Structures are given as C-alpha cells and as structure tokens.
1. Determine whether the stretch 231-240 contains at least one residue that is among the β-branched types (Val, Ile, Thr), in contact with a strand residue (DSSP E or B) (Cβ under 9 Å, 6 or more places away or on another chain), modelled with pLDDT of 95 or more and assigned to a helix (DSSP H, G or I).
2. Name the residues in the stretch 41-70 that are β-branched (Val, Ile, Thr) and either under 22 Å from Gly248 (Cβ atoms) or part of a helix (DSSP H, G or I) (or both), would you?
3. Would you check if Phe103 is of a type outside the set (A, V, I, L, M), under 28 Å from Tyr161 (Cα atoms), part of a strand (DSSP E or B) and in contact (Cβ under 8 Å) with a residue 40 or more places away in the chain?
4. Anything in the stretch 213-230 that is part of a loop (DSSP other than H, G, I, E, B) and within 18 Å of the chain's Cα centre (by Cα)? List them, or say none.
5. If we only count helices (runs of 4 or more DSSP H) wholly inside the stretch 117-212, which ones have 3 or more residues that are polar (S, T, N, Q)?
6. Please find, among Val73, Val20, Val89, the residue that is under 25 Å from Leu168 (Cβ atoms), out of contact with any Ser or Thr (no Cβ under 6 Å at 6 or more places or on another chain) and assigned to a helix (DSSP H, G or I).
7. Contact list please: Cβ distance under 9 Å, first residue in the stretch 15-36 and closer than 18 Å to Ala69 by Cα and assigned by TED's automatic domain parsing to the domain that holds Lys101, second residue of a type in the set (A, V, I, L, M) and at pLDDT below 95, pairs at least six apart or on different chains.
8. Quick check on my filter: what residues within the stretch 28-63 are closer than 13 Å to Gly7 by Cα and out of contact with any strand residue (DSSP E or B) (no Cβ under 9 Å at 6 or more places or on another chain)?
Amino acid sequence: MPNKRIGFVDNRLDNFHANVYLSALRGPLLGRGYEVTGATALEQEPSKAWAREHDVPYFAHVSKLAESADFFVILAPTNPELHLQLCQVVFPLSKPTFVDKTFAPDLQTAREIFKLADDNGIAVQSTSALRTSSVQAALNEAESPLQAMFITSAGPTFEEYGIHPVELAVSCLGAEIESYQRYGTNEHPRFVLQFSEQRMAVIDFNQTADVPFSATLVTRDGYQHVVVDMDSLFTSAAASILDFFDSGQPMIDRDETLAVRHILDLASQEDLHGQIVEVAASSFRYE
C-alpha cells in the first residue's frame, strides 16, 4: 500500500517545527505509513534551501503541491497572524488540514478559520504539542477526577509560548472556564483559571529562567508532580496529527481550541491585570 502523503505549508520552512515533525515522520513514526511528499512557503528562497537540504520536493504554488498531497499541515508556528491567509489558499483544495500552534492571533480570526473550514467542507484541527504530553498520560492513570493543577512553564515571550501551559490546562480540565485572573509582572506572569465544579488551574510562566514544563495534578486521592518528557513530546504531537488524519474527523473539541484562544486574548489585555474576569461560555464557543 502506498504511503499517505502530507504537504507542508509554511511561512518559512527552516523552523523548529518543520524539522521535528519531519524527523518524527521519517523516524519513530515511519511505520504509520505517512510521508512528507512536498512543501511550499511564502518566503520561497530560504524554504527552497530547507527543502533541498531535507530532500523534500518543493512546489512554488499550493495548487501544485495539492497534486502530491492527501493531507496538509500548515506550520508557521511563530506567525499565527498568517494562518488565515494560508488557510484561505489551502482549504479550498478539500484536504484534511492540521494548523500548527498558535491557531490564530485572536478569537475572531479563530472563528473565521473554523467557518472557512465549514464552508469548504473540510476537517481541520489545531493544538499545541502540550496536549499530548506525559502530563496527560499520567492523568489518564489517575484513579479519581482532577480537581486542580499547578503548571510551570517558560519561554522567551508569553505571546508566543503562552499557548503551551494554557493548552495543557484546557486539555486536562476542559472548556468550562468560569473566571480568569492575571498577576505578577510581564516577565513573570501568573494566571488563575477557575473551571466548573470548583476545579482550577494555576499557571506560572517565566520569561527569564529556564523552568521546565511541569504540572502538579491534584485529585481527591492525592497528588502527582509530572515533568513533561521533552524527548518524546514532538513525536507524540506528530502521532496525534496522524491520528487525526487516520480518522478523517477532528479529535479535539472546537470549544477547547477557542477557549485556549480566549484565555490568550484576555492575557494580552493589560487593563485586566489583577482583576477577576468572569468568563461566559457564549463568549468563545463556536455556534
């Protein structure tokens, strides 16, 4: 049976996510039967060089790439402001599409991308790599429901890397967010998220120290501290993309994707610093 074909679409292909996903597909996930059969990007010259270096066929136009791909992966992980533009040329080609983190630069654009997918009748999914980590694996083994979690995380900026701890919280506690609070400084912000049924998540994000991604999971029966296994993180993330392609249907609730984006939008509003913000489900759910 021939391999199922994936096309990479990017802003500029010489980035970390293009490298790690390609390595996972050619390495530990080779037996899944998928192959990156082509790529294209907005910034063509550096992207052509990346494609030559990694032996990936390069196409000047997405329409030509579509002839060699059954599925699309839209990357541009540091440029979510370009995701709608890329989706506008990819979605009409009628192939299931994964959109890398961060899904969109704001909630309204996230809604537009989902509507565009619906208008074109395609399956679309987006997530941070922190949705399929050793934290969720540990939670799956817990004997009682999660009541609270304390998350540590880091990165050069919250704007780019804040999605990771927020995705971790929402993937474990769901989209039923009831309130949001932000404390701390711009370099070391802390967030308190209240969920339904008196559950909560506390996020500590550090821009100045090399703090590992970790979570302390608190259940009725006790607690467990889990440090994210970075060695397996992107292989697990790539495997979840293949699970989506295998199913042909999104495996992540849109409300969770939009809840993540809504929290990030709130975090960007300096005038909310220190306030308790009540969150209504209707403010972010996709109808």
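The values are calculated or read from the model by the stated rules, or taken from the named source; none is laboratory data. Owing to the predicted nature of the structure, the values given are computational and were not obtained by experimental measurement. Note that each Cβ is placed from the backbone with ideal geometry, even for glycine, and that neighbours are counted across all protein chains shown.
1. First, the residues of the stretch 231-240 that are among the β-branched types (Val, Ile, Thr): 235.
Keeping just the survivors that are in contact with a strand residue (DSSP E or B) (Cβ under 9 Å, 6 or more places away or on another chain) gives none.
There is no residue in the stretch 231-240 that is among the β-branched types (Val, Ile, Thr), in contact with a strand residue (DSSP E or B) (Cβ under 9 Å, 6 or more places away or on another chain), modelled with pLDDT of 95 or more and assigned to a helix (DSSP H, G or I).
2. Correct list: Val62 only.
3. Judged against the criteria, Phe103 is not a match.
4. Within the stretch 213-230, Phe213, Val228, Asp229 qualify.
5. Helices (runs of 4 or more DSSP H) meeting the threshold: 134-140.
6. Being under 25 Å from Leu168 (Cβ atoms), out of contact with any Ser or Thr (no Cβ under 6 Å at 6 or more places or on another chain) and assigned to a helix (DSSP H, G or I) holds for just one of Val73, Val20, Val89, which is Val20.
7. Gly33/Met1
8. Residue satisfying the conditions is Ser63 alone.
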